[in-house]
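Below is one structure; the comments refer to it alone.
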Amino acid sequence: MKPFYATGIFLLLLTSVCSAQNVPQDASEDALVKITRSGSQPPEIGIPDYYTGIVRKEALFDAEDPSRVAGGVVTYEPGARTAWHVHPLGQVLIISSGTGLVQQWGQPVQEVSEGDIIWIPAGVKHWHGATDGSRMRHVVITESLDGKSVEWLEKVEQHDG
C-alpha cells in the first residue's frame with residue numbers, strides 16, 4: 001500500500017509545484033506535449049567532488065521556460081551519499097526503494113525508507129544517501145533560481161547511521 005500512497009503524494013506534489021508557476025491559461029496553439037521515453041536518457045555517475053561512493057543519476061525531465069522544475073531518479077549503492085549542500089528553492093525526495101539516511105546541519109541523522117517523502121526547505125544545509133547495508137533510490141524534484149538548483153559544500157566526514 002505504501003507505493004500507491006507515495007505515487008499519489010508524488011502526483012499531488014508535482015501538480016502543486018507545476019500549477020504554482022505563472023503559466024498563462026491560454027496555451028499556445030504551437031505548444032506541443034513532450035514525451036521523454038523511458039531509458040532515453042542514460043544515467044550519469046555522480047561526480048566524486050559531490051558524492052561519496054557509487055551514485056547513479058537519471059534525469060527524468062528538465063525545466064523548460066517558464067517552469068523552473070526539474071526531476072530525476074538517483075540510486076545510491078550501500079554507504080554512498082551526497083556532500084553537504086543547499087537548494088535555493090528547496091527539494092522534494094520520494095524514497096522509491098531501499099533504506100536511506102538524511103541529515104540537516106545540526107540535527108540528528110534520520111533513517112528513511114520506501115514510500116517516505118522528504119521536504120527540504122530552501123537554504124537548509126543537508127545531505128542524504130544510502131545506509132551502509134542497503135541500496136537506496138529516490139525521485140527528486142527541484143526548482144532552479146536564476147538557473148541554479150544546488151550549491152555544493154564540503155563532504156560529510158562522519159555520520160551516525
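Considering each residue of the stretch 36-58 in turn, at least one proves to be part of a loop (DSSP other than H, G, I, E, B) and in contact with a Gly (Cβ under 8 Å, 6 or more places away or on another chain). Would the stretch 70-77 turn up any residue that is more than 17 Å from I54 (Cα to Cα), buried (at least 16 other Cβ atoms within 10 Å of the Cβ) and among the hydroxyl-bearing types (S, T, Y)? No: the stretch 70-77 contains no residue that is more than 17 Å from I54 (Cα to Cα), buried (at least 16 other Cβ atoms within 10 Å of the Cβ) and among the hydroxyl-bearing types (S, T, Y).
Look at (1) more than 16 Å from the chain's Cα centre (by Cα); (2) surrounded by 12 or more Cβ atoms within 10 Å (Cβ to Cβ); (3) at pLDDT 95 or above and you find that E154 fails only one, number (2).
Being touching a residue at least 12 places away in the same chain (Cβ under 8 Å) and part of a strand (DSSP E or B) is the filter here, so list the residues in the stretch 95-110 that pass it. Within the stretch 95-110, I95, S96, S97, G98, T99, G100, L101, V102, Q103, Q104 qualify.
Using the structure shown, decide if V74 is over 17 Å from E151 (Cα atoms) and touching a Gly at 6+ places or on another chain (Cβ under 6 Å). No: the conditions fail for V74. Of the set (1) over 15 Å from T52 (Cβ atoms); (2) in contact (Cβ under 8 Å) with a residue 40 or more places away in the chain; (3) among the small types (G, A, S), all apply to A122 but (2).
Among the residues of the stretch 112-148, the ones that are of a type in the set (G, A, S), part of a loop (DSSP other than H, G, I, E, B) and modelled with pLDDT of 95 or more come to 5 in all. For the stretch 96-111, a residue qualifies if it is surrounded by fewer than 20 Cβ atoms within 10 Å (Cβ to Cβ) and of a type outside the set (D, E, K, R), and the qualifying residues are S96, S97, T99, Q104, W105, G106, Q107, P108, V109, Q110.
The values are calculated or read from the model by the stated rules, or taken from the named source; none is laboratory data. For clarity, every value in this text was computed on a predicted model and none was experimentally measured. Neighbour counts run over all protein chains shown; Cβ positions are idealised from the backbone, glycine included.
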